[in-house]
Number of protein chains: 2
Amino acid sequence: MYKNLESMFSVNAAGMKKSVIRELLKLTQKPDIISFAGGLPAPATFPVKEIAELARELILREGDWALQYGPTEGDPRLKQEIIKIGERDDMKMDQENILVTTASQQGLDIVGRVFINPGDIVICGRPTYVGAISAFRSYAAAFEGIELDEEGMRMDHLRDKLKALRSAGKRPKFIYVVPDFQNPAGVTMSLERRRLLLDLACEYETLVVEDTPYRQLRYVGDHVPSLYSLDAGEGIVIDLHTFSKILFPGLRLGWVQAHKTVIDKFVIAKQAMDLCTPPFTQAIAYEYCNRGLLAAHIEENVELYRNKRKTMLEALETHMPEHPGIHWTKPEGGLFLWMTVPESMDMEALFYKAVEANVAYVVGTAFYADGGGKNHARLNFSYPSPEDIVEGVKRLAAVIKEQLSS
Amino acid sequence: MYKNLESMFSVNAAGMKKSVIRELLKLTQKPDIISFAGGLPAPATFPVKEIAELARELILREGDWALQYGPTEGDPRLKQEIIKIGERDDMKMDQENILVTTASQQGLDIVGRVFINPGDIVICGRPTYVGAISAFRSYAAAFEGIELDEEGMRMDHLRDKLKALRSAGKRPKFIYVVPDFQNPAGVTMSLERRRLLLDLACEYETLVVEDTPYRQLRYVGDHVPSLYSLDAGEGIVIDLHTFSKILFPGLRLGWVQAHKTVIDKFVIAKQAMDLCTPPFTQAIAYEYCNRGLLAAHIEENVELYRNKRKTMLEALETHMPEHPGIHWTKPEGGLFLWMTVPESMDMEALFYKAVEANVAYVVGTAFYADGGGKNHARLNFSYPSPEDIVEGVKRLAAVIKEQLSS
């Protein structure tokens, strides 16, 4: 191996760092730990028996096709099912508005590839989804963070930021949002803010990347229209979806909805990236949808997770110390809630104590592209059992109590 | 949609063009056409029944695992099977030398992401694999082409090129080769040239990217050691493999073998690209290998393709006009042979006439990163039936004859 191999890496690669989360998560592999750190769906929701039979029948019926290469754009039959999923959510699409991806992460990667030059500005939430940070950072994006509150991204702050950027002669490439049950904060953007976001994007001629993996997992509260539907075909919104949270993640299957001009470019980019998403996994998802199994399956997931969310909120209410700086969000859906502790408390330092006490979370800092977040933690309630949720919250509360009193 | 949307694309995306091949291939969708254009394995080789039963059993047995997220590096069980595949080919690896990819195209994309800055030099064959050109071009690589002959890349030309580049103060990032049954030329690099290639790479401190999707599909002639095995752990060679040609393409499953330092960086890059290759497809490939089915399956493929290759060579011998400028390679393996016609003949212009005559090929120009190739065509013999091979060659010969006499 050349001694100077490191010097051969591209500038973008030199900037790729090992994820702190990933390294911390390794500590959570020990037995007896109750982990709120992952973002995994509960395996109990996986329709194992149906998929086993369906996979067998499908391969026998159309193996010649499903085991062969497929079109880069995606299986047209699966795209037809995606159009139906959209219709039930007031989103109008044609085949040409859809690109099937190797799950949402690839959607983020394609967005980065097609839009970001080194140094280009991307606006995102403070906090925001860590996978989006990695994807956009790998294209050397410059991040501008906007604070969130209970109604999602602060539009007054966004307006100020856009104005300041324009004064400086800068035009952001896009505004990245997770409007529904945000990862990690668990908050949902209000309808009013969604409208404002689109208005601001138009006024400042920038795009909106809507990443909404949990949209169909709502447990309480009212449906809010997607940015894609509010955009009504204008083409300002690039909308990322996934089957990972509504079916199961092991297929690595998602899709992008956008204006034809954008999708056309995405298709060319994807061709150089992996030629096509596995026709095999697409055929399985198609078959599952086509047999009309998806709606009932999502309903089952919602029931299960609604209960787990309630369990976690009640456990936090019961066990967390009462303290002015300690609070958490009450998500209406999704997989996560977001805990805040007093500013003086460092959840990264506390992580090791938590692991000793056999409980884990993700440290808030992971979700800040531009620094910050030490006094936050993301807690996942979809994966652990209700019993583990209660016990894990007790353990976490004890660790925090001890820290408060020290 | 913004009128100036095009101006928002990244520099890299602006350089992404619709593939000429892809557009031409659309013409080959008409019925009655015999296509030598694709690069598809014959569906007759797909072990449909085994995969159907195996998929069912696997999902029932370990659905909780196979349908969940998996490690970015790949399923350790599949990596163990890959190590065994390597051992049978004199290649020594540990788990840390392997990254499972969403097929070889993703391997190429990761190589580009981790090594290429805009304007960086990549050395490749003239001709070379078109998918590698797209992948590296999407990172704005600058290509330097080296002629091939019957023994693969010309090492005298490579030495001259490396010397000239060094004089100009330039160090190429890597030399990209398809040493076994090259796509498109069908030629195999001799052992002597392989050794020379590694020596030159060392002398000029550059890496070698070995892309070898067809390595196990040899029909005649003697086994030649891989560059990876000749490198013997030095870490100069990054080696790309795929299950697409030895099992079937619909899984979109491949792997990269390289030095740990390189794989570590690739893992970080891949995490931002798609988190992980589908655990579901990896489990199926693992199970297939673990049941000991792969070796016999490859043997069957080899038998089938050996016959098709022979059929195509005989048909060309019988039907192609005798003319000093017309000849073709006689590949010892793989899926393709490479036809050369007189320099005055333009196979791109002739393509439309060929399609009219119901036969198709890929125009040589697709495989030249730096221009050229008009008097070449790539012919695939793995997909069409033996009868179609004979009839298709007759049609192509007639088109060429007519052109010669006009």
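Tabulated data
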item: Of all residues in the range A:213-238 being in contact with a Leu (Cβ under 7 Å, 6 or more places away or on another chain) and of a type outside the set (A, V, I, L, M), the one that is farthest from the other protein chains (Cβ to nearest Cβ); result: A:P225
item: Candidates B:S19, B:S104 - the one that is surrounded by 15 or more Cβ atoms within 10 Å (Cβ to Cβ), small (G, A, S) and at pLDDT 90 or above; result: B:S104
item: Residues satisfying the stated conditions in the range A:66-84, i.e. surrounded by fewer than 21 Cβ atoms within 10 Å (Cβ to Cβ), more than 8 Å from chain B (Cβ to nearest Cβ) and more than 24 Å from A:A135 (Cα to Cα); result: A:P71, A:P76, A:R77, A:Q80, A:E81, A:I83, A:K84
item: Test: A:A140 is at pLDDT below 95, buried (at least 24 other Cβ atoms within 10 Å of the Cβ) and either in contact with a Pro (Cβ under 6 Å, 6 or more places away or on another chain) or not hydroxyl-bearing (S, T, Y) (or both); result: no
item: Test: residue in the range A:94-104 that is touching a strand residue (DSSP E or B) at 6+ places or on another chain (Cβ under 7 Å), at the interface with chain B (Cβ under 8 Å from one of its Cβ atoms), part of a helix (DSSP H, G or I) and under 30 Å from B:V11 (Cα atoms); result: yes
item: Identity of the residue in the range A:368-406, closer than 22 Å to A:S344 by Cβ and among the small types (G, A, S), that ends up surrounded by the fewest Cβ atoms within 10 Å (Cβ to Cβ); result: A:S406
item: Count of residues meeting criterion [within 9 Å of another protein chain (Cβ to nearest Cβ) and part of a helix (DSSP H, G or I)] in the range A:15-53; result: 8
item: Residues (under 19 Å from B:M155 (Cβ atoms) and touching an Asp or Glu at 6+ places or on another chain (Cβ under 7 Å)) located in the range B:192-228; result: B:R193, B:L198, B:E210, B:T212, B:P225, B:S226, B:L227, B:Y228
item: Failed criterion for A:A272 (all others in (1) aliphatic (A, V, I, L, M); (2) within 12 Å of chain B (Cβ to nearest Cβ); (3) under 24 Å from the mean Cα position of the chain (by Cα) hold); result: (3)
item: Residue within the range A:124-140 that is in a strand (DSSP E or B), closer than 22 Å to A:T206 by Cα, more than 14 Å from chain B (Cβ to nearest Cβ) and hydrophobic (A, V, I, L, M, F, W, C) present; result: yes
item: Residue ID - nearest to the other protein chains (Cβ to nearest Cβ), chosen from residues in the range B:250-262 that are surrounded by 22 or more Cβ atoms within 10 Å (Cβ to Cβ) and closer than 22 Å to B:R88 by Cβ; result: B:L251
item: Within the range A:289-320, tally of residues that are under 23 Å from A:F248 (Cβ atoms), more than 23 Å from the chain's Cα centre (by Cα) and touching a residue at least 60 places away in the same chain (Cβ under 8 Å); result: 3
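To keep it simple, each residue is scored yes or no on (1) without any contact (Cβ under 8 Å) to a residue 40 or more places away in the chain; (2) assigned by TED's automatic domain parsing to the domain that holds B:F336; (3) not β-branched (V, I, T).
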position: B:V111; (1), (2), (3): no, no, no
position: B:N117; (1), (2), (3): yes, no, yes
position: B:V130; (1), (2), (3): no, no, no
position: B:E150; (1), (2), (3): no, no, yes
position: B:S167; (1), (2), (3): yes, no, yes
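For every residue, the table says whether it meets (1) crowded, with 20+ Cβ neighbours inside 10 Å; (2) within 23 Å of B:E81 (Cβ to Cβ); (3) within 13 Å of chain A (Cβ to nearest Cβ).
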site: B:C276; (1), (2), (3): yes, yes, yes
site: B:P279; (1), (2), (3): yes, yes, yes
site: B:I284; (1), (2), (3): yes, yes, yes
site: B:H297; (1), (2), (3): no, yes, yes
site: B:L304; (1), (2), (3): no, no, no
site: B:M312; (1), (2), (3): yes, no, no
site: B:A315; (1), (2), (3): yes, no, no
site: B:E322; (1), (2), (3): no, no, no
site: B:G325; (1), (2), (3): no, no, no
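The values are calculated or read from the model by the stated rules, or taken from the named source; none is laboratory data. Quick caveat, the model's predicted, so the values are computed rather than measured. In this analysis, Cβ positions are derived from the backbone assuming ideal geometry, glycine residues included, and neighbour counts consider all displayed protein chains.
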